[in-house]
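Below: the structure, in structure tokens.
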């Protein structure tokens, strides 16, 4: 009588070759789907926490978008290009902070681009192994290596399924390098993609166009006149109002009338709000003289501009709300000595929630003890949950010891909402500070809630510290921990490049629980090292539990290991 394991093996080998190929392909599709689902689950915490913080920076980004469009509404003169370059020097840290929550600091939408290549999907493709190596290099931030490999994909295998989007990922790697030469090479790669593969996935999704806009924005900030003119053109196009469709006209025998070119008009977002206006109507009053005057401050020197902006921010009449929002954005671009005091005053006293929120955001870019102290005070003492959330994000952008201590103190409190505690854990996990990593590990032992434990595990797993591996392994082996927590620890352990297949293989035999053994098999199957494959083979041959053996056999058939066919044949030969 055949065992279920042998029946599965015979069933696979007994199929005709074409059908067996279809089964294998279906299995690979199933594997890909399971991997995608696992990774979606893996990223859920990061995505949830990140999206929760997007609105912290959104108002500032939208105001900046309108400001840049206004400045670039006509052709940029050399002096204006130089002004743009000088102003951009105050923005790097703000730009990094915005990008960490998925926002592009630039004039155009969409503000997101693809930053991680998809998992390899064409196993039989001749460029598959090269693509995998390129993807691995990019995910490890080895940008030059990834550029070389993606370039090899499209040059050596122009008919490969990976070739169309290889141009995009080559360009993205060059963009992350950041030098002027690399940025120009990145634009050339995108131009080649548009010419050769206009229907590439990254073009149809809009990612390629958005990446091109980012690259030109960087070049414009460095004083590249051609890039600045391209940005100006795109900004003018974005500012054009939509043209409503007209009624149908009867056909005529004569030639068609020439199209009328629409005339772009300026757009100003900082205008007066009347007593009966809603806040979102700020951008509709384009001709208000006060908006024009405030917009002109962008071109003025700091010594003259700051006192006027301060007067605007001191106003408390209802009609000044939109002006104050624009003013706080302009103040935020300035790194002069008066900026900190103005931002602190607005964050503490402005009656408008959005104005206060923008001031709190820009305090994240002010590197001073006073700013950290103010953010800490808002986080711990404010009664406004939205403002607290913005203060939490702003504090996370500071690298000072006092800021990090404030975050840790807040995360350690049990009297705050679960949502805010989760966000504080998330931002601690993004830190490179070893004290933050040590705090998270010690905090794990002090909490009892399984969900909080899982959030801490995710945060801990983001660190490159050498203590993380042993920490996760200890949790995996601890039978006193909840099963789901152990499975989470095992998953994150398997995702670390520092974890060897031999380490994962060694923990399999320590478990008696079938469910966690099955999880170990899945984690082993996601890896490509020899030790992981050896363990899967061992399980397929010797594991007493038939269901676990079937799982191992299934995952082995999805790999490229040349030993798999021999193993299946060997299983069939057993009586």
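Read-outs throughout are calculated quantities, based only on the coordinates presented, and are distinct from any laboratory measurement. The structure displayed is predicted, hence computed values, not measured ones. Glycine also receives a Cβ, built like all others from the backbone with ideal geometry; neighbour counts cover every protein chain displayed.
Of note:
- Extension gain, residue 573-residue 115: 0.36 nm per intervening residue step, less the Cα-Cα distance, totals 160.0 nm.
- Computed from the C-beta positions of residue 144 and residue 464, the FRET efficiency with R₀ = 25 Å rounds to 0.80.
- If R0 is 35 Å, the Cβ-Cβ spacing of residue 405 and residue 448 corresponds to a FRET efficiency of close to 0.90.
- Each of residue 377 and residue 563 was given a label point 7 Å from its Cα along the Cα-to-Cβ line. The distance between the two points is 6.6 nm.
- Between residue 502 and residue 432, residue separation times 0.36 nm minus the direct Cα-Cα distance comes to 22.4 nm.
- Site pair residue 413 and residue 318 shows an inter-label distance of 3.5 nm when each label is modelled 7 Å from Cα along Cα→Cβ.
- Rough spin-label spacing in nm, given labels placed 7 Å along Cα→Cβ, for residue 368 and residue 199: 5.8 nm
- Packing-based order for 373-382, 120-129, using average beta carbon neighbours within 10 Å, highest first: 373-382, 120-129
- Extension gain, residue 341-residue 181: 0.36 nm per intervening residue step, less the Cα-Cα distance, totals 53.6 nm.
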